[in-house]
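Below: the structure, in structure tokens.
The values are calculated or read from the model by the stated rules, or taken from the named source; none is laboratory data. Computed from a predicted structure; not experimentally measured. Note that each Cβ is placed from the backbone with ideal geometry, even for glycine, and that neighbours are counted across all protein chains shown.
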Amino acid sequence: MPQSAPSTADLDERLRGLLDRCAAGDSGALQPLYELASPLLFGCLTRILRRRALAEEALQDVFVSIWQRAGQFSAMRGRPMAWMVSIARYRAIDLLRHERAAPVLVPDLPEQAPAEEPDAEVFGWLPASALLERCLQLLTDRQRQCLELAFVGGNSHEDISRLTGNPLGTIKSWIRRGLQSLRQCLES
Amino acid sequence: MTPQNPNVVDRLAAEYVLGTLRGPARRRFERWRGSSALVTQRCLFWEEQLIPLARALQPVPPPLHVWEGIRARLNLPEHRARARPAYALAIAASILMIIVLGAVVYWRTTQPGRLSEVATISAPAGTAAWQVEIYGERGRLIVRAGQLPPRPANRDFELWALPTGGKPVSLGLLPAGGTAERTLTEAQLQALSHATQVAVTVEPAGGSPTGQPTSTPIFVVPLRTVS
């Protein structure tokens, strides 16, 4: 009998189960976890670091951290993918500091063409995505673009100022106000 | 000193998670994070709220040596791969859907060993259509699909080794997406050891019925030896 694809909740559970096993020191759990999560994490790292060799090194650091810190994750019962993506993003930002890698001055998100409407079911496993989508709609296009350039591309205020051609002070205030509006909306 | 004002903590946490808190301020914040439950809690809030922005990320399969590096760094034993249950494949299918654009999840059914030869199949100045990796020692072939050329209906792309002075030897069908991995036969390995090029042809669905290419190759690319 053909098995249907597991639901997004199942996937979350599976990632969580693997992380719990890592927390318990079961080294056999790390490889399946790697196979599930590494393409997205490597995509994240290459996007921020722009250099493949550096991203490969960072991915190793990230999985070493995941292995070592799985116990912390297990204890706080967060969302597995959010936790792993955060580890990857923080590591990449950390490496940017050392590398002083110049950002590529090509806007990745030019006119903010809203790609196709994300499939609700496909993204359903990502926590509160519908809520975030709704809240993002309340921001101005510029605020939204700044948040995406920062979160996805790992760009600093200065990078975004150069990328978008807007003064640094303006960027800082767009981001600050964008985050403020988001918080009000998310917590309302 | 940890800021006490919850609004300040939240503002810093948001910019930390977003990545725009940089320099000494970021490092200071990281220290606070480790010592304050409030800071930890606000970071967690933003990490989980902003993660859907990651949908704009394009998954990229890391090269195989990265896993080997992790295993070595953690001094993990090499686990013999087991046959994966259908459930795992179903999960792979879901991840592909979740991860949207051109996601490539690969499943290693064995440790493929050392990469010996590689070929990148791409149009001139184009993005790679397939990446072909040959692990000679263990006789494994791994093909990762990238941005594929348009495929006529009821046709498949077939990969060929072009041994010098011999007839092309089929290396099987190329995947329309994701990653394909298979064990090479003795004849295929033999052909590859005498080949400096591989080719791709468009064949009837299921592959050439004759065992030889039935059309002119759409790609002929060098097979590079990895030292």
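For the reader, a short list of remarks on this structure follows.
- In the stretch B:36-51, the residue that is farthest from the chain's Cα centre (by Cα) out of those that are at the interface with chain A (Cβ under 8 Å from one of its Cβ atoms) and of a type in the set (A, V, I, L, M) is B:Leu44.
- For A:Lys172: the one exception among (1) facing another protein chain (nearest Cβ under 9 Å); (2) closer than 22 Å to B:Arg55 by Cα; (3) of a type in the set (D, E, K, R): (2)
- A:Asp61 at pLDDT 85 or above and more than 16 Å from the chain's Cα centre (by Cα): yes
- Check on B:Leu192, farther than 24 Å from B:Pro59 by Cβ and in contact with a helix residue (DSSP H, G or I) (Cβ under 9 Å, 6 or more places away or on another chain): no
- Test: residue in the stretch B:5-26 that is aliphatic (A, V, I, L, M), under 30 Å from B:Ala128 (Cα atoms) and either within 11 Å of another protein chain (Cβ to nearest Cβ) or not in a helix (DSSP H, G or I) (or both): no
- A:Leu41 falls short of the stated requirement of being modelled with pLDDT of 90 or more, under 27 Å from A:Val152 (Cβ atoms), more than 7 Å from chain B (Cβ to nearest Cβ) and in contact with a Cys (Cβ under 8 Å, 6 or more places away or on another chain).
- Scoring B:Leu76 on the criteria (1) facing chain A (nearest Cβ under 7 Å); (2) closer than 16 Å to A:Glu56 by Cβ; (3) of a type outside the set (Asp, Glu) leaves a single failure, condition (2).
- Scanning the stretch A:157-171 for residues that are modelled with pLDDT under 95 and of a type in the set (Ser, Thr, Tyr) yields a count of 2.
- Residues of the stretch A:132-147 satisfying the condition of being crowded, with 17+ Cβ neighbours inside 10 Å and assigned to a helix (DSSP H, G or I): A:Leu132, A:Cys135, A:Leu136, A:Gln143, A:Arg144, A:Gln145, A:Cys146, A:Leu147
- Of all the listed residues (B:Glu137, B:Glu133, B:Glu203), the sole one being among the acidic types (Asp, Glu) and either loosely packed, with under 13 Cβ neighbours inside 10 Å or without any contact (Cβ under 8 Å) to a residue 12 or more places away in the chain (or both) is B:Glu137.
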